[in-house]
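**Student:** Have a look at the structure that comes next, please.
The values are calculated or read from the model by the stated rules, or taken from the named source; none is laboratory data. Quantities reported herein were computed from a predicted structural model and do not represent experimental measurements. Here the Cβ is made from the backbone with ideal geometry for all residues, glycine too, and neighbour counts use every protein chain on show. Only protein heavy atoms, including side chains, enter the accessible area calculation; ligands, DNA and RNA are left aside. Shrake-Rupley method; radii C 1.70, N 1.55, O 1.52, S 1.80 Å.
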Amino acid sequence: MTTTASRLRDPSIAHRFVASDGAALHVELSGPADSAVTLVLVHGWTQDHRTWDFVLPHLDPGVRVLRYDLRGHGGSAHARPGSASIARLADDLAEVIADRAPDGPLVLAGHSMGGMTLMVLAERHPALVASRLAGAAFVATSSGDMDRLTLGFPGLVGRGVTRFEPRLARLLAGLRSDTLRLRPGMVRSGSRRLVFGDRPGRAQVDSVVEQLLCAHPASAGLFLEAIASHRGVGGLGALCDVPSVVLAGEKDRLCPLAHAKVIADELPHAEFVRYPGAGHMLPQERPYEVARRISALVRTAAPR
C-alpha cells in the first residue's frame, strides 16, 4: 500500500497517480500541506500543468496548489480507446482529488477543456461538489456549440473552418507517433495568430508551443471530437450557489466571448470579467489578473 509518507520520500511516486482504469497521470503539488484550502488547476487541450506557470508566482504562497496533466497530455499516459472523453476527465479529477486532497474546501479553476471538465464533474460527482467545492473559476472556456466553431471568420470561410475541424480530429486520431512532428517555428507562428490576442510575449508563446508539441497526437484528435460534442449546461446548473468567476478574452477565437456569456448567464452569482485585447491563453496573457480573481475565491473559501 502506498502511503502519503512514502509518496513524499519517493519523487517518482509523488508525481504519479494511477486512475481507476490504469492510466498513469503526472501530478504536481506545491504549497503547505496544512493549507486551509486546496486550489486545483486544470489545463486545456494540447497543454499540460505548465499552463499555469505564469499564474503561480502571483498566487498566495500559503495556498496548497494541485496541478496535473490530463491523460494524453504532458507526462501522463496516452488516452486509451474509449477513454478520451470529458466524462473520463471529470472522473480523473475526482479521483486525483480523493487521493491528493481528500479533506477540506476546494477551489477549482479550469482553462478551456479544463473548464469543461469542471462542468461535467458537477454532473457526475454532485456529492463532491456539494460537500467540498467552495469556488470555481472558468477561464476561456465553453459550455457547448464547439462543433460550430468558425475561429471568428465570417461567411464561407467560417463554414469551411466548421467543416474542417472534424477532419482534423480524425487525422490526428489516426496518427501513430508519440508527438506531433512539426517545426516549432511553424507552430509558433500559428499559435501566435490563433490562440493569442494582441502582442503576446515570446516566452508566453514558446510555453504554449512547447506544451503542444508534448501532447499525444491521437489523444489530441480524440479529445477534439469530445470537445465538439461537449454540452455542459447541466453541470453549470449544479454550480449556481458556488462562488464563481468567468474570465474571457475579447479576442478569443477558440472559445468566443459569446460562449463565456452563456456560462455567466447560467451562474447568476458569478463575476463575469472580460479582457480587451486578450485571446484564448489567459493564463499566459493575463497571469496576474487570473491569479487575482482565483485568489479572491480562495480567500472566500478559507474557513473563518
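**Student:** Using the Cα centre as the reference, give the magnitude of the dipole from point charges on the C-beta atoms of the chain (Lys, Arg: +1; Asp, Glu: -1; all else neutral), rounded to the nearest 20 debye. Kindly include the intermediate steps, with their values, before the conclusion.
**Tutor:** Working: 35 positive and 30 negative charges, 167 e Å.
Here the size comes out at about 800 debye.
**Student:** Which residue, H49, L254, S191, has the largest displacement toward the positive end of the dipole of the chain when charges sit on each Cβ (Lys, Arg +1; Asp, Glu -1)?
**Tutor:** S191
**Student:** For the chain, with every protein chain kept in place, what is the accessible area per residue (1.4 Å probe, Å²)?
**Tutor:** Working: 13350 Å² over 304 residues.
Dividing the accessible area of the chain by its residue count gives 44 Å².
**Student:** Per the Cauchy relation, a quarter of the hull surface: what is the mean projected area of the convex hull of the alpha carbons in the range 1-139, in nm²? Numbers along the way, then the final one.
**Tutor:** Values: hull surface 32.1 nm².
Approximately 8.0 nm², given one-decimal rounding.
**Student:** Quick one, can you get me the convex hull of the C-alpha atoms of the range 209-304 expressed as volume per residue in Å³? Please report the intermediate quantities before stating the final value.
**Tutor:** Numbers: hull volume 13.2 nm³, N = 96.
For the range 209-304, the hull spanned by Cα atoms encloses 138 Å³ per residue.
**Student:** Please list, in order, the residues from the range 95-110 whose amide nitrogen is less than 14 Å from a point placed 7 Å along the Cα→Cβ vector of A127.
**Tutor:** Inside the label zone: 95, 98.
**Student:** Specify which labelled value, from (i) 6, 23, 26, 21, 15, 8, 2, 0; (ii) 5, 24, 34, 26, 9, 2, 0; (iii) 6, 29, 39, 21, 4, 0, agrees with P(r) over Cα pairs in 10 Å bins from 0, in percent derived from the coordinates of the model shown.
**Tutor:** (iii)
**Student:** Please state, rounded to one decimal and in Å, the Kirkwood hydrodynamic radius that the range 135-241 gives when every pair of distinct Cα atoms enters the mean of 1/r.
**Tutor:** Values: mean 1/r = 0.0632 Å⁻¹.
Taking the inverse mean of 1/r over all distinct Cα pairs, the range 135-241 comes out at 15.8 Å.
**Student:** Counting only protein heavy atoms and using a 1.4 Å probe, what share of the accessible area of the range 74-147 belongs to carbon plus sulfur, as a whole percent?
**Tutor:** Working: 1110 of 2130 Å².
Of the solvent-accessible surface of the range 74-147, carbon and sulfur hold 52 percent.
**Student:** Place a point 7 Å from the Cα of E271 along the Cα-to-Cβ direction; which residues of the range 232-249 have their backbone N under 11 Å from it?
**Tutor:** Under 11 Å, as judged by backbone N against the label point of E271, lie 244-247 of the range 232-249.
**Student:** If R0 is 25 Å, what FRET efficiency do you get for E210 and L257 from their C-beta distance, rounded to 0.05? Walk me through the numbers on the way to the answer.
**Tutor:** Values: r = 28 Å, r/R0 = 1.10.
That gives a FRET efficiency of 0.35.
**Student:** Please list 165-174, 115-124 highest first by mean number of surrounding beta-carbon atoms within 10 Å per residue.
**Tutor:** Working: 165-174: 14.9, 115-124: 25.6.
In descending order of packing, they fall as 115-124, 165-174.
**Student:** Ranked highest first by the average count of other Cβ atoms within 10 Å around their residues, in what order do 258-266, 277-285 fall? If you can, show how the numbers build up before the last one.
**Tutor:** On the way: 258-266: 18.7, 277-285: 25.7.
Ranking the peptides 258-266, 277-285 by packing returns 277-285, 258-266.
**Student:** If you restrict to DSSP beta bridges whose two residues both lie in the chain, what percentage is antiparallel, to the nearest 5? Before the final figure, lay out the partial values.
**Tutor:** Details: 7 of 31 bridges.
Of those bridges, close to 25 percent are antiparallel.
**Student:** Counting only protein chains, not ligands or nucleic acids, how are Y288, Y275 ordered by accessible area (probe 1.4 Å), most first?
**Tutor:** On the way: Y288 125, Y275 15 Å².
From most exposed to least exposed: Y288, Y275.
**Student:** Shifting gears a bit: Sorted by packing (mean other beta-carbon atoms within 10 Å per residue), highest first, where do 42-49, 92-99, 217-224, 21-28 land?
**Tutor:** Numbers: 42-49: 26.4, 92-99: 18.9, 217-224: 23.0, 21-28: 17.1.
Highest-to-lowest ranking by the protection proxy: 42-49, 217-224, 92-99, 21-28.
**Student:** What ranking of V205, V298 comes out by heavy-atom accessible area, probe 1.4 Å, highest first? Provide the component values of the computation, followed by the final result.
**Tutor:** Working: V205 0, V298 20 Å².
Ranked from most to least accessible, the order is V298, V205.
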